[in-house]
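To start, the structure under review is shown below, and the notes come after it.
The values are calculated or read from the model by the stated rules, or taken from the named source; none is laboratory data. What you see is a predicted model, and the numbers here were worked out from it, not measured in a lab. With ideal geometry, Cβ positions are generated from the backbone for all residues, glycine too; neighbour counts draw on all protein chains shown.
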Amino acid sequence: MTDIAYEIDDLVKVYPNQTEAATDHVSLEIRTGEVFGILGDNGAGKTTLVRQMVNLLRSTSGEIKLFGQSVPDNPLHVSMTTAFMPQSSMALNRLKVSEAIYFAAHLRGMSRKDAARERDSMIETWKLGEVRNKASSHLSGGQRRLLQLALAMAGRLPVVILDEPTNDLDPVNRNHVWDVLRKCNAEHGTTIVFITHDAIEAERIVHRVGIMKHGGFTAMGAPAELKRKLQDHMRLEIWIAPGVAHDIPLDLPRHWKSPDNVVLTVPRERVPSLLSDLRLHESIDYKLYSATLEDLYLHYAHSE
């Protein structure tokens, strides 16, 4: 197996009746054993990119190689090498949870005996014991997401691509997903590519991150590398009490998570005066800490 899992060169995808490219001259290498995260707003081109990587979408131009072989020219190589978890899936809905996982492992080359072991291991890993005999169509949104993850990981393919793996999950299960993925990468050397909006949680696992905007990558690298641009800034998150007026300086980058929760990116030297000026004793709560991957995402994805 080569040191490079994916080689993507000058990739373009233009959908019919569209003038702007959904992926616009993207070039990228993903190393074998790497955990690569993709961040970006809706419409940035993230899902279009990964669907081309797993041969579910034909590119307009450019080239994608998986372990040295052309993706569009070798569909069987792709399916036996890379597992893909889409944002939503109705596949295998008539099968029970245990049956779906067993067949996923068996179809990926495991013997019946090994597939049965893999089924039991995945059920335990993804906490699906209580629903193992339920049809997947009868699961809750969170349970269905865990089943999708089990199906993607079953059979232990060398590459796993996950589109929004923590959607529909509560905080406990989101943390569990990242823990399992980190362990899988560390113990088996699995190459993991994922799309997520949970930038802060993803920072625990990712080796490199790419931030997409308008069909291309506006920044790419290790989080620590990229955050050097923000090393002179602090992240101030404020929860404002209902009915309390605030006086946030207009020149500070901010991101409103909700009507009463705002995140500011503040130059370090302005922090003491800002804390005083904002009268934070009147807010519900606030946190001040160094820049995170989420701040990095907001900086690159939302800057002009």
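As a summary of the residue check, D168 satisfies the conditions (1) at negative phi; (2) surrounded by fewer than 21 Cβ atoms within 10 Å (Cβ to Cβ) except for the one numbered (1). Screening A186, A222 for residues that are within 26 Å of A22 (Cα to Cα), of a type outside the set (K, R), surrounded by fewer than 21 Cβ atoms within 10 Å (Cβ to Cβ) and out of contact with any helix residue (DSSP H, G or I) (no Cβ under 6 Å at 6 or more places or on another chain) leaves exactly one candidate, A222.
Checked against (1) closer than 24 Å to E203 by Cβ; (2) in contact with a Lys or Arg (Cβ under 6 Å, 6 or more places away or on another chain); (3) of a type in the set (D, E), E7 passes all but condition (1).
Against the test of being more than 30 Å from P267 (Cβ to Cβ) and either modelled with pLDDT of 90 or more or in the same structural domain as T47 (by TED's automatic domain parsing) (or both), the options I195, I200, I205, I211 yield a single qualifying residue, I195. Just give me the residues in the range 122-133 being assigned to a helix (DSSP H, G or I) and more than 22 Å from G33 (Cα to Cα), in sequence order. Listed by number, the residues that qualify are I123, E124, G129, E130, V131.
Of T32, T19, T2, T60, all but one fail to be of a type outside the set (K, R), over 20 Å from the mean Cα position of the chain (by Cα) and under 27 Å from G189 (Cα atoms); the exception is T2.
Residues in the range 240-286 that are within 33 Å of the chain's Cα centre (by Cα) and farther than 22 Å from L296 by Cβ were compared, and the one that is surrounded by the most Cβ atoms within 10 Å (Cβ to Cβ) is I240.
Look at the range 67-84: where a residue is touching a residue at least 24 places away in the same chain (Cβ under 8 Å) and on the phi > 0 side of the Ramachandran plot and a partner is surrounded by 20 or more Cβ atoms within 10 Å (Cβ to Cβ) and in a strand (DSSP E or B), sitting 6+ places away or on another chain with Cβ atoms under 7 Å, you get F67/A5. Each residue in the range 261-293 was checked for being in contact with a His (Cβ under 9 Å, 6 or more places away or on another chain) and either assigned by TED's automatic domain parsing to the domain that holds A199 or at pLDDT 80 or above (or both), and 8 pass.
Listed by position, the strands (runs of 3 or more DSSP E) enclosed by the range 147-262 that each have at least 1 residues that are touching a residue at least 60 places away in the same chain (Cβ under 8 Å) and closer than 30 Å to L66 by Cβ are 159-163, 191-195, 208-213, 216-221. Of all residues in the range 233-247, those being in contact with a helix residue (DSSP H, G or I) (Cβ under 8 Å, 6 or more places away or on another chain) and among the charged types (D, E, K, R) number 2.
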